[in-house]
Amino acid sequence: MIKKQFNILSLLFLFIFVANLKSECKEMVYIFPDRNSCVSGDTIWFDVMVFDSEGKVRSNMVHVCLSSKESSVTHSTVKCHNNWAHGYLIVPDSLSTGNYIISAFTNRQKHTPQSKVIQKDVLVYNRFDQQISEISMPTYNGSQTVNYQKVGMGISTSAGSLKTRGMAELKVEIPSSLQGNLKALVVNVGMADPLAETLPFYSTSAQALIKKDTGVVIENDAILIRGNVYNKATLEKASNVVVLLSISGTLPYFDYCIADSNGAFSFYLKNVIGVANLYIQVVSGSYEEYIVELQENVLVPEKSKKTGLRILANDQVAYINNLIDAAYYNRLFYQTMQSPEDTFSMDIGFRYPFYGEPTKIVYPELFIDLSDFTEIARELLFGVQYRIKQDHAIRVSNQVQNMLFDMEPLKLINGIPVFDGSKFSKLGTNQIERVELVLNERYFGDLVFKGVLAVYTKDKSNSWINMVPNMFNLRYECVQVNQKGQGPKPKAVGKNIPDFRQVLYHKTYFENDKSLEINFQASDIKGDVIIEVIGIGKENELYVDSKKITVQ
Amino acid sequence: MSQKILIILIAGLFLANKGKCQDSVGLWLKLPEQSNSLASKITGERYYLKPFYKGSFFYHDKWLKGNVFLENGEVFKNLDLRLCSYEGQLIYYNKRVKATITIDKHSIKEFNVVNEQGEKEIYKKIYYNRFPKGERYFRLLFDGVYSLYVWYHTVEMKTYPYKDNNNILRDSELVLTKVYFVHTEDKGYIKIASNRASFLQLFPGQKRKIKRAFRRNNISSFAGEPQMIKAFQLLKQEGIIR
C-alpha cells in the first residue's frame, strides 16, 4: 500500500516537474535607453536586444513599457531585425516627478508565469516643478538586480575636459580578451545625472506577469490583440458572441473570433505598422448591448518593490534645475516629438479582399446621377434586390444556381460589416466611389457569406458607425514605424541657437572591431559627461565600463 | 366563413415571415470555439457538385489528407483535399460547417496531399503565360535544375451515346489528360511529350548519351508519371542533368 502511494507521489512530482519545464521561458530582452533621467515631455530613445539563453529566439516583437509603481504610463512595440530593434518612448508632458521603470518584454515572456523581465529605472522630473528636493527612490536587494562585469574597455578622450560645444574624440580599445567575443557594443555619451548614477544597472521583475497561463502566443512579424466583451447592463462577461474585427482600407482587413466562456477574444495582426483604427463589432442573437475592452501590451507594476524617500544633495538639485531649464529652452527652439498618428500600413499578402475576387465592380459616377441606393440597386446592380418595405432587406443572386440566396449577403461599407440595411438607403451616386459584388456563396474560415455587397464611399471618415450599437472604433498602437537612423535631438546649427542636448551620442555597433573612434560635440550644458560603453557577449553576458569628463 | 378568414390570416402571417430575409449571423452564432484560429482564414466559395458524367471531375477519387501553403506564408495542415482537375481548383471539405469549398486560387502558393499509396504529391501554383494563360496547379514530379511537372486536366470529350445512372442519354465523357512540363530557370516551362523523342529534343547535344542510357536501362515506355520520374532520375545518374 505504502509502495503504491510512493509511486503515485513520484508520478505526481514528475508531472509537476515536466509541466514546469514546459512553461519555462528563457527568452529575455535587454534594453539600452539613451538616458537614465529625463524631463517630462522628452523622448527616450532606446535599443533592445531579444535573446534566449537556451535556444533560438522565436519572437521578433518587443513591447517596451514605461510604468510607475501604480500603473503603466506609456508603451510602444518595436519589431526586431536580427534580434535588435530601435525605438522611442514619448514621456507624457504631465508626468509627475519620480522614479519610473522601463520594461522590455516579449509576449512569450508575458504569458509565461515563470519568466523574468529585465527593467531599467529612469528618473523623470516634471518640467513645471520649481524646486525638487526629495524623490522616492527604489531599494533593491541582490537578487533583484542583473549581474554584469566591470571590464576596462580602454575608453580614452582627446581631452580630460571640454568647453561648451567643444568637439571631442573618443576612442574605445576593446580588450583582447573580448575581441571576437562581443555581439554588440553600445556607446552612450550624455550628461551625468548624480542621482541616476545611484540606480542599479538593471533590475528584474520576478512577478508572474499574468495570474494564469492563457496560452503562449509567439509574436513573429505580428502582434496579438486580446480583449474581453462584457454585457453593458449586467457587466458580466459575455460568452459565445461573435466578435468581428475590421480595418478599413483599399484592401480591407477582416477577422472574427468567437468569445470564450470568459468573454475573451484575440486577434493576430500580421505585418502591421503604425496606429490602427480598429472597428470591433459584437454580434449576438439578442438586442443586448455590450462593452469591449482591449488589453494593452503593458507590464503590471510590481507593487512589492520597496521605495524610500531620498533627500537630494545640492549638486543633485542643481543638476535637476539645469535640466528643467534646458528642457524649457529646447521646447522654445525645437519641436517636440509627436507620435505619427496617421501612419498605418498592413500587408495582407493577397491580391483580393477577404471576400474574394468581386464578380462585378460598379462605379456609379460613370452613369447618370441616382439619388439613393434603391435606384442604384435597381438600375446598376444587376443581381441585387433592395427592398425598403421589408426592413431594408437586401438579397443578392447566386450566379451558380441562378436564383436569389435565401439569406442576406454580407453587407460592407468601406470594408466594415453592416447589419442594418437602412445604412445604405441614403447612399447615392455622389456618395459612392464603387460597389463590389460577389454573387457566390463565400467562406471565410468557418463563416459563410450568402453573397457579398461591398460599398466603398468617397467619404472615408466612417462617421456612420457612431450610431451603430455594439460597434467600437478603437485606436490601437501596433508596431512602431521603423526609426532606424533616428535618435536624440540634432546639434544646434548656429551660435544664436541654444544647444541643450542631454544625450550627446548614442549608437550600437555590431562590427566586432578591435577599436572604435567616435567624435561627439558637447552641448551648452555644463557639468559632468559620462561615457558609457556596454559590451554584450556571445553568451549574452554584459561588460560595462564608463568614464567621466567635464564640460566647463 | 370565419374559418376561411382564419386560414387566410395564418397563411398571410406565414408568407410575411417567409418574405423577411434572414441574416447569415444566425449561422455564425452556431459556430463552436474551435472555429477560432489566430492564423489567417481559408477563403473560398462553395463547390457545387455537378451532374454525373462518365468519368470524374476530380483527379483524386477520395478526400485525401494534405497541407495547404498560402501566399502569405501560412500553412494549414491535415485538411481534407481533392484536386478538381476539370476546373483546375483545389476543393476542401470543411467538417465544421459541412461544406465543400473551392479554395481561392489567388491565396494558395502550393499544397500537398498523401495519396492512397502513401506517396506525397506536391502541387505548385504556376502562372503559365502560354495558351491558355493563367494560374494552374502543376504536380512536381522531379525537383532539380531541370524540374519535371505534370498538369492534370480533365476535359469533356464526345463519345458514343450512353445512358448515365439517372437513365439520361449522354454523348460526352470526362477524360483525364496529362501534360508534362520541364522547368529551368532560363527557359521557363517547356511542354514535353511523354516519349523518347522529347527527351532527345530537350538535350540536343547529348542525344547519344541519352539513347544509350535509356537502352541500357530498358526504358522504352514513358506512358505514366513513374516512368517519367524514372527517366529523369536516370538522366541525373548519367550526369546529363543536375
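The values are calculated or read from the model by the stated rules, or taken from the named source; none is laboratory data. Source: prediction; values computed, not measured. In this analysis, Cβ positions are derived from the backbone assuming ideal geometry, glycine residues included, and neighbour counts consider all displayed protein chains.
One table, with the values for the structure above:
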{"quantity": "The listed residue being of a type in the set (Ser, Thr, Tyr) and within 30 Å of A:Lys547 (Cα to Cα), out of A:Ser76, A:Ser115, A:Ser136, A:Ser96", "calculated": "A:Ser136"}
{"quantity": "The range B:56-89: number of residues that are more than 14 Å from every other protein chain (Cβ to nearest Cβ) and surrounded by fewer than 16 Cβ atoms within 10 Å (Cβ to Cβ)", "calculated": "5"}
{"quantity": "Filter result for A:Leu447 (buried (at least 20 other Cβ atoms within 10 Å of the Cβ) and within 8 Å of chain B (Cβ to nearest Cβ))", "calculated": "yes"}
{"quantity": "B:Tyr48 assigned to a loop (DSSP other than H, G, I, E, B), aromatic (Phe, Trp, Tyr), in the same structural domain as B:Tyr160 (by TED's automatic domain parsing) and out of contact with any helix residue (DSSP H, G or I) (no Cβ under 6 Å at 6 or more places or on another chain)", "calculated": "yes"}
{"quantity": "Filter result for the condition that a residue is more than 30 Å from B:Thr102 (Cα to Cα), over 31 Å from the mean Cα position of the chain (by Cα), away from chain B (no Cβ under 14 Å) and not acidic (Asp, Glu), over A:Lys460, A:Lys426", "calculated": "A:Lys426"}
{"quantity": "Subset tally (residues that are in contact (Cβ under 8 Å) with a residue 60 or more places away in the chain and surrounded by 12 or more Cβ atoms within 10 Å (Cβ to Cβ)) for the range B:156-180", "calculated": "10"}
{"quantity": "Test result for B:Ala39, within 11 Å of chain A (Cβ to nearest Cβ), at pLDDT below 90 and surrounded by 11 or more Cβ atoms within 10 Å (Cβ to Cβ)", "calculated": "yes"}
{"quantity": "Subset of the range A:332-375 [of a type in the set (Asp, Glu), surrounded by 13 or more Cβ atoms within 10 Å (Cβ to Cβ) and within 14 Å of another protein chain (Cβ to nearest Cβ)]", "calculated": "A:Glu357"}
{"quantity": "Meets criteria (loosely packed, with under 15 Cβ neighbours inside 10 Å and not small (Gly, Ala, Ser)) for A:Gln144", "calculated": "no"}
{"quantity": "Residues of the range A:510-552 satisfying the condition of being under 18 Å from A:Ala85 (Cα atoms), buried (at least 20 other Cβ atoms within 10 Å of the Cβ) and not β-branched (Val, Ile, Thr)", "calculated": "A:Gly535"}
{"quantity": "Residue list for the range B:79-130, restricted to those being hydrophobic (A, V, I, L, M, F, W, C) and under 24 Å from B:Ser147 (Cα atoms)", "calculated": "B:Leu83, B:Cys84, B:Leu90, B:Ile108, B:Phe111, B:Val113, B:Val114, B:Ile122, B:Ile126"}
{"quantity": "Single residue of the range A:114-134 satisfying the filter (surrounded by 22 or more Cβ atoms within 10 Å (Cβ to Cβ) and among the hydroxyl-bearing types (Ser, Thr, Tyr)) that is nearest to A:Asn147 (Cα to Cα)", "calculated": "A:Ser115"}
{"quantity": "Any hit, the range A:430-443, residues being under 28 Å from B:Leu31 (Cβ atoms), surrounded by fewer than 20 Cβ atoms within 10 Å (Cβ to Cβ), out of contact with any His (no Cβ under 9 Å at 6 or more places or on another chain) and more than 9 Å from every other protein chain (Cβ to nearest Cβ)", "calculated": "no"}
{"quantity": "Single unsatisfied condition, B:Glu45 versus (1) more than 9 Å from every other protein chain (Cβ to nearest Cβ); (2) acidic (Asp, Glu); (3) within 16 Å of B:Ile101 (Cβ to Cβ)", "calculated": "(1)"}
{"quantity": "Residue under evaluation A:Met471, criteria (1) of a type outside the set (Phe, Trp, Tyr); (2) under 26 Å from A:Tyr329 (Cβ atoms); (3) at pLDDT 90 or above, criterion not met", "calculated": "(2)"}
{"quantity": "A:Pro469, sole failed condition from (1) outside any loop (DSSP other than H, G, I, E, B); (2) more than 12 Å from chain B (Cβ to nearest Cβ)", "calculated": "(1)"}
{"quantity": "Answer residue from the range A:376-398, given it is more than 10 Å from chain B (Cβ to nearest Cβ), within 30 Å of B:Lys50 (Cα to Cα) and not aliphatic (A, V, I, L, M) and is surrounded by the fewest Cβ atoms within 10 Å (Cβ to Cβ) among those", "calculated": "A:Phe382"}
{"quantity": "Residue list for the range B:146-174, filter: out of contact with any strand residue (DSSP E or B) (no Cβ under 7 Å at 6 or more places or on another chain) and of a type outside the set (S, T, N, Q)", "calculated": "B:Tyr160, B:Ile168"}
{"quantity": "Test: residue in the range A:253-271 that is within 14 Å of chain B (Cβ to nearest Cβ), in contact (Cβ under 8 Å) with a residue 60 or more places away in the chain and out of contact with any Leu (no Cβ under 9 Å at 6 or more places or on another chain)", "calculated": "yes"}
{"quantity": "Pairs where the first residue, in the range A:433-452, is free of Cβ contacts under 8 Å to residues at least 12 places away in the same chain and the second is among the small types (Gly, Ala, Ser), C-beta under 9 Å, 6+ apart", "calculated": "A:Tyr443/B:Gly44; A:Tyr443/B:Ala99; A:Asp446/B:Ser35; A:Asp446/B:Ser37; A:Val448/B:Ser24; A:Val448/B:Ala99"}
